[in-house]
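So the structure is just underneath, and the comments pick up after that.
What follows draws every value from the coordinates through simple rules; no lab data is involved. Owing to the predicted nature of the structure, the values given are computational and were not obtained by experimental measurement. Don't worry about glycine lacking a Cβ; one is built from the backbone with ideal geometry, like all the others, and counts go over all protein chains shown.
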Amino acid sequence: VGGTVFCDLGALANGESATITITVTKTDPGVISSIATVSGDVGDMNPANDSETEYTNKPTALDLANAMAQATGIVTAASFEASPPTGTPHDVQTRSLSGFPTDASTYAILTSGDATLADTPNSSGSSGADVGGPNVRGDTDLDVTILKVDLDVPFGSNCLSIDFRFLSDEFPEFVGSGFNDAFIAELDTSDWTTSGSAITAPHNFAFDAAHNEISINAAGAASMSESEAAGTTYDGATPLLSASTPITTGAHSLYLSIFD
């Protein structure tokens with residue numbers, strides 16, 4: 001009823017266990033979560049262990065990389081240089097959302113919270129999840145994802161381009177504040193760092209008109225607005241943007257980072 005399955009386990013003796021198996025057929029793309037909760041009619045001295053969440057179809061780094069590729073054969077491998085330890089901060093989707101997909105039929109979602117909430121109604125000022133990510137590059141970056149995508153650039157190609165949007169629940173209340181959530185794209189060298197509210201990213205090629213990294217403080221054509229986030233769970237978003245950088249034939253590595 002309402003997406004919930006109820007199972008009456010009957011009377012269990014002290015120390016006794018029961019197993020319930022539920023088989024489901026997945027009809028939508030992306031990650032889904034299942035929450036199991038137990039309760040009884042006697043006292044429980046440890047209620048903290050009465051619920052557990054499991055995830056189906058959590059994407060690998062290679063899944064995310066292939067979802068972003070315009071053509072097959074370009075991506076040769078992928079890995080996480082950093083990733084939050086819990087939750088579902090990443091997703092692969094096919095359903096149209098916020099102008100995506102722009103090429104082929106898939107796109108990747110990278111978040112510092114819960115990627116499965118991206119297309120849910122914006123009914124809260126700060127929907128999300130604590131995914132427990134510590135500092136990785138400095139003293140203020142949290143819930144960091146650094147996705148490394150290994151590329152085999154075909155002969156004659158000279159430009160790497162990615163389509164993206166940056167969306168946030170920290171807009172507009174934290175614009176101009178000390179918060180430094182950001183999206184950074186780098187080719188071959190990933191060396192961004194944080195110190196307080198300052199971000200240093202000498203190899204970043206995704207920037208606004210002032211050559212600052214894309215964040216809630218982005219300016220010019222990359223400025224965030226409430227209208228650009230329509231249809232998502234977020235309070236603000238940039239327009240659909242494209243970032244490009246020169247590239248040569250052969251092996252290269254693309255680094256995509258997001259953090260708050």
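From the coordinates of this entry, Rg and Dmax of the Cα atoms in Å is computed, and it appears in (1) 20.9, 71; (2) 23.4, 79; (3) 26.2, 74 under the label (1). Take every pair of alpha-carbon atoms less than 8 Å apart whose residues are at least six positions apart; their mean separation over the length of the chain yields a relative contact order of 20 percent. Only helices enter this figure: runs of n ≥ 4 DSSP H residues, each worth -39500 (n - 2.57), summed and divided by the residues of the chain, yield -1000 deg cm²/dmol at 222 nm to the nearest 500.
One decimal place: the segment residue 5-residue 45 gains 11.9 nm when fully extended, by the rule 0.36 nm per residue minus the C-alpha distance.
Longest stretch of the chain clear of exposed loop sites (trypsin sites (Lys or Arg not before Pro), DSSP loop, at most 16 other Cβ atoms within 10 Å, sites excluded): 96-260. Given axes a ≥ b ≥ c from the Cα gyration tensor, I'd like to know whether the range 41-104 is rounded (a/c under 1.5), prolate (a/b larger than b/c) or oblate. Verdict is prolate for the range 41-104. FRET efficiency for the residue 34 to residue 69 pair, using the beta carbon distance and R₀ = 35 Å, is estimated at 0.70.
Semi-axes of the equivalent ellipsoid for the range 46-150, computed as √(5λ) from the eigenvalues of its C-alpha gyration tensor and ordered from largest down, come to 25, 19, 14 Å. When exposed loop sites are taken as chymotrypsin sites (Phe, Trp or Tyr not before Pro) in a DSSP loop with at most 11 other Cβ atoms within 10 Å, the longest stretch of the chain clear of them is 7-154.
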